[in-house]
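The values are calculated or read from the model by the stated rules, or taken from the named source; none is laboratory data. All of these numbers come straight from a predicted model, not from anything done at the bench. A quick note on method: Cβ atoms are made from the backbone with ideal geometry, for glycine too, and the neighbour counts reach across all protein chains shown.
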Amino acid sequence: MGPISTANGILNATVTPANSPGVCERALTAASNIVVDDVTACLGPTSAAVDIAHQIAAKVSAGR
């Protein structure tokens, strides 16, 4: 488990799974009282999980 940070309402951390060639990022956020839980992205851009969590939260907010 790498450093944990928060920015713009998203909690994220980096994780290096055992026997993995790369690092994964995990993100968590909430929108409209709905938790967008455990978005995981591996072997992509370093902010991929955060970007995906933002996209999901935007769709949740737009659907309410």
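Here are the numbers for this structure:
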quantity: Number of the condition not met by Ile10 [criteria: (1) more than 23 Å from Gly63 (Cβ to Cβ); (2) of a type outside the set (D, E, K, R); (3) touching a residue at least 24 places away in the same chain (Cβ under 8 Å)]; calculated: (1)
quantity: Residues (modelled with pLDDT under 90, within 11 Å of the chain's Cα centre (by Cα) and at negative phi) located in segment 31-40; calculated: Val36, Asp37, Thr40
quantity: Residues that are among the β-branched types (Val, Ile, Thr) and loosely packed, with under 12 Cβ neighbours inside 10 Å, drawn from segment 1-45; calculated: Ile4, Thr6, Val35
quantity: Subset of segment 20-39 [within 17 Å of Ala7 (Cα to Cα) and in contact (Cβ under 8 Å) with a residue 24 or more places away in the chain]; calculated: Glu25, Ala27, Leu28, Thr29, Ala30, Ala31, Val36
quantity: Members of segment 41-53 found to be within 15 Å of Gly9 (Cα to Cα) and either modelled with pLDDT of 90 or more or in contact with a helix residue (DSSP H, G or I) (Cβ under 7 Å, 6 or more places away or on another chain) (or both), listed by number; calculated: Ala49, Val50, Asp51, Ile52, Ala53
